[in-house]
Amino acid sequence: MSTVDNRIGFVRGEFVSLRDAVIPVMDRGFLFGDGVYEVTAVIEGRLVDNDHHLQRLERSLAEIGIANPFSIEAWTEIETELMRRNELRNGLIYIQVSRGVAERAFQYAEGLEPTVVMFPQFSRVQSNPVIETGGRIITVPDLRWARRDIKSTSLLAQVMAKHAVKQAGVNEAWMLDGDEITEGASSTAFIVSASNELITRNLSQDILPGITRRTIIEIAKRHGLTIVERPFSKAEVLSATEAFYTSASTIAVPVIEMDGVSVGGGAPGPVFRSLYDAYLQDIMTQPAIIS
Ligand code: PDD
C-alpha cells in the first residue's frame, strides 16, 4: 500500500485518513481472523442492495457471537458519510467487524468492544469490459471450512484460489466439492440449462448467501424464468447454454470458458444480458445519495 492514501476511512469510531489509521496488533481480527465483513457496491451514487448486505452482516455477527455495534440506520449513515467525504460515486464500501482487542488466547471474554473498520474502494463495478467479452474461469478444489455461510475474514482458501486465477491469467475460479461446483472464489455461480432453467446452488452452510444472487433470482422470476436451486456439476457447466457469476463487486459476469474449454458457445448469452441490464436499470430508479 502506498503511504499516500488520501481516502477517508471509518476506523474504531472515527473518520480518519487511511494513511494515519491504526489497529492494535492484539486485535483478534489480526491474530485469529476472528471477524466478519461485507462489501457493498456503489453505482452512480447509490448503495446497491444495502439493507440486505447489512442484514447479512447482522446474521454473520450473530453466528459468531459478536454484538452488532450499529443499527442498520446507523451503518447506512456512516456509509453515506464515507461516500460524501470521499466523493465516492462508483466503487465499493468495505465493512469489517472483528471481535476486539485482547490478550492472545483462543477463548474470548464476552463483551469485548468490536473493532469496526470501513473504507471506500474506487472502481467501476458496472459496465466492466468483461461484460461484453465474457470471462474465463478455472476450477479449483474448495479448501474452505464448513461454515461458508458466514462471511468470515478468514480468507486464506480464497486468497489461494485467487492466486491460481492470477497465475492462469483468467477472471475467476469456481470451487469444486467433489464434482460439484460450490461457488466462485468471491462470487455465486449460475448456469442456464438447455431447457432454459436458471440453476444455482441451494443455500446451506456450503456457500455464502450471495446478496447479488438474491436480487438476480428476484429479477429472473420477474422475467418468467424457472429457477432451480440445487448443486450442479462441472459437466453440467460444459453442457449449459450459458454460465455466469454474480457478486457485489461485479454485479454479474458471463463465463465463456472453463479450464480452457468453451462454455455457452464461447460468447455472453441473452439470459445473462437481460438480467444484467435489468439489475442496472433497477438500481438507477433509486434516488442517488450523492450526485
Ligand atoms: N465476495 N461467494 C463468496 C465466497 C464471496 O466472497 C462473495 C462476495 C459472493 C457473492 O456475494 P454478494 O453477491 O453478496 O457479493 C459469493 C465479496 C464481493 C468480496 O469478498 O470481495
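The values are calculated or read from the model by the stated rules, or taken from the named source; none is laboratory data. Not measured: the values here are computed from a predicted model. With ideal geometry, Cβ positions are generated from the backbone for all residues, glycine too; neighbour counts draw on all protein chains shown. Just the protein is used for accessible areas: all its heavy atoms, side chains included, with ligands, DNA and RNA removed. Shrake-Rupley method; radii C 1.70, N 1.55, O 1.52, S 1.80 Å.
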Would you confirm whether any residue within the range 31-44 is touching a residue at least 60 places away in the same chain (Cβ under 8 Å), over 23 Å from Ile150 (Cα atoms) and open to solvent by 30 Å² or more (accessible area, probe 1.4 Å)?
yes
Just to be sure before I move on: is Ala173 within 18 Å of the chain's Cα centre (by Cα), more than 17 Å from Phe232 (Cβ to Cβ), open to solvent by less than 30 Å² (accessible area, probe 1.4 Å) and within 12 Å of the ligand (Cβ to nearest atom) in the structure I sent?
no
Given the criterion assigned to a strand (DSSP E or B) and either buried (at least 17 other Cβ atoms within 10 Å of the Cβ) or not β-branched (Val, Ile, Thr) (or both), identify the matching residue among Ile93, Ile131.
Ile93
Of all the residues that make up the range 32-57, how many are within 13 Å of the ligand (Cβ to nearest atom), of a type outside the set (A, V, I, L, M) and assigned to a loop (DSSP other than H, G, I, E, B)?
1
Report the residue count in the range 208-266 for those that are within 15 Å of the ligand (Cβ to nearest atom), open to solvent by 60 Å² or more (accessible area, probe 1.4 Å) and part of a helix (DSSP H, G or I).
2
Kindly evaluate Arg136 against the criterion of being outside any loop (DSSP other than H, G, I, E, B), closer than 30 Å to Leu238 by Cα, modelled with pLDDT of 95 or more and open to solvent by 40 Å² or more (accessible area, probe 1.4 Å).
yes
Given the conditions (1) open to solvent by 30 Å² or more (accessible area, probe 1.4 Å); (2) touching a Lys or Arg at 6+ places or on another chain (Cβ under 8 Å), which single one is not true for Pro120?
(1)
